[in-house]
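Asker: Input: one structure, supplied below.
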Amino acid sequence: MSADPTQTLAFDSSCHLFDGCGFDKVAPGLHSFMFEPIVGDADGNGFYFNKPMLLALLGSIIVVGFFWTAFAKPKVVPGKLQMIAEAGYDFVRTGIVYQTLGKREGEKYVPLAVSLFFFVWMMNLWSIIPVAQFPVTSIIAYPIVLAAIVYITWVVLTFKRQGFVGFFKNVTGYDKSLGAVLPLSMTIEFFSNLLVRPFTHAVRLFANMFAGHTLLVLFTVASWYMLNGIGIAYSAVSFSMTVVMTLFELFIQAVQAYVFVLLTCTYIQGALAEHH
């Protein structure tokens with residue numbers, strides 16, 4: 001399981017409670033987020049391709065394939081697949097984009113919002129899908145790239161809509177009515193918008209998926225670890241928590257996709273709004 005030479009822990013199926021085997025032999029850790037390369041080597045020489053990358057690729061194909069198939073031959077009276085796709089599309093368009101940007105301004109940003117929502121959701125869903133069982137967004141690089149796309153979009157739109165002076169006022173929260181505290185306020189807003197914003201946008205998604213996957217692995221491994229002797233009772237409780245956490249994670253996965261896109265639309269709204 002581990003691709004880290006300094007981390008030798010891996011799941012040992014023969015390790016159980018009361019067998020003299022410590023939980024440290026099976027406990028989840030950073031090694032739970034590291035994988036041997038499918039192609040290439042762990043030293044990073046040449047082309048490198050691992051499980052999270054494979055899941056990201058498959059997830060992209062699934063999302064594109066789903067909407068392509070659903071809308072390839074749209075009908076006035078939609079079939080089941082088209083109906084599901086339309087419901088998902090309309091949820092993002094009406095429930096997020098229109099509510100944040102308005103119908104007139106928001107329509108052109110619907111494709112971006114829909115793409116981000118379903119891509120993030122699919123990357124999260126891998127966590128509870130058998131065999132895959134790993135949320136791609138728990139690897140910080142993926143949320144960072146998505147947040148960077150949003151960040152660049154926000155910067156470009158702000159410059160395009162408001163010019164250099166308007167951009168400066170936008171990112172610094174310039175308001176001369178603040179008086180003496182204006183320099184301090186502008187400094188805080190500057191660092192908040194240009195540095196903290198993209199960081200928190202990425203980390204919010206990453207941290208939730210990282211924590212959720214860790215809890216799922218913990219309860220799953222504990223269920224097996226305690227499955228012997230009187231530990232069976234503890235194992236049953238741990239397994240029950242695994243089911244509960246899986247259902248809860250299913251909810252969180254959708255919420256995080258929603259929040260990521262909602263923040264994206266909020267940033268775009270700030271870029272389009274006139275600064276007074």
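The values are calculated or read from the model by the stated rules, or taken from the named source; none is laboratory data. Since the model is a prediction, treat every value here as computed from it, not as a measurement. Only protein heavy atoms, including side chains, enter the accessible area calculation; ligands, DNA and RNA are left aside. Shrake-Rupley method; radii C 1.70, N 1.55, O 1.52, S 1.80 Å.
Asker: Under Stokes-Einstein, with the Kirkwood radius over Cα pairs standing in for Rh, what whole-number D in µm²/s applies to the range 76-185 at 10 °C and 1.306 mPa s?
Answerer: Numbers: Rh = 17.3 Å.
Rounded to a whole number, D works out at 92 µm²/s.
Asker: Enumerate the lysines that Lys75 could reach by cross-link, defined here as Cα to Cα under 29 Å, with residues fewer than 8 away along the same chain left out.
Answerer: Of all the lysines, those that pass the test against Lys75 - Cα under 29 Å, at least 8 places apart if same chain - are Lys103, Lys108.
Asker: Can you give the helix-only mean residue ellipticity at 222 nm for the chain, where every DSSP H stretch with n ≥ 4 adds -39500 (n - 2.57) and the sum goes over all residues, rounded to the nearest 500 deg cm²/dmol?
Answerer: Calculated at 222 nm, the ellipticity per residue is -21000 deg cm²/dmol.
Asker: Here's something else I'd like to know. Under a cut-off of 30 Å between alpha-carbon atoms, report the lysines in cross-link reach of Lys51, not counting same-chain residues fewer than 8 places apart.
Answerer: Answer for Lys51, where 30 Å is the Cα cut-off: Lys25, listed by chain and number.
Asker: Name the most mobile residue of Tyr225, Tyr142, Tyr48, meaning the one with the largest mean-square fluctuation, in a Gaussian network model of the chain with Cα contacts below 10 Å.
Answerer: Comparing Tyr225, Tyr142, Tyr48 in a Gaussian network model of the chain, the most mobile one is Tyr48.
Asker: Same structure again: Any idea what angle helix 51-71 forms with the longest principal axis of the chain, computed on alpha-carbon atoms, 0 to 90 degrees, nearest 10?
Answerer: 60
Asker: Quick check: the angle from helix 197-225's long axis to the longest principal axis of the chain, C-alpha only, nearest 10 degrees?
Answerer: In the chain, helix 197-225 runs at an angle near 20 degrees to the longest axis.
Asker: While we're here: Give me the Debye-computed log₁₀ of I(q)/I(0) at q = 0.14, 0.15, 0.20, 0.23 Å⁻¹ for the range 163-276, equal point scatterers on Cα only, no solvent, two decimals.
Answerer: Evaluating at q = 0.14, 0.15, 0.20, 0.23 Å⁻¹ gives log10 I(q)/I(0) of -0.72, -0.77, -1.03, -1.17.
Asker: Expressed as an acute angle from 0 to 90° and rounded to the nearest 10, what is the orientation of the C-alpha long axis of helix 231-272 relative to the principal long axis of the chain?
Answerer: In the chain, helix 231-272 runs at an angle near 10 degrees to the longest axis.
Asker: If you don't mind, another one. Could you look at the chain and say what percent of its accessible area is carbon and sulfur, using a 1.4 Å probe and all protein chains? Walk me through the numbers before you get to the answer.
Answerer: Numbers: 10930 of 15330 Å².
Summing carbon and sulfur atoms, their accessible area is 71 percent of the total for the chain.
Asker: Gap in Å between the Cα centre of the range 146-194 and the Cα centre of the range 222-238?
Answerer: Rounded to whole Å, the Cα centres lie 55 Å apart.
Asker: Another one. Could you run the Karplus curve 6.51 cos²θ - 1.76 cosθ + 1.60 with θ = phi - 60° over the range 168-185 and give me ³J(HN,Hα) per residue in whole Hz, x for Gly and Pro?
Answerer: 4, 5, 5, 7, 9, x, 4, 8, 4, 5, 6, x, 5, 7, 4, x, 5, 4
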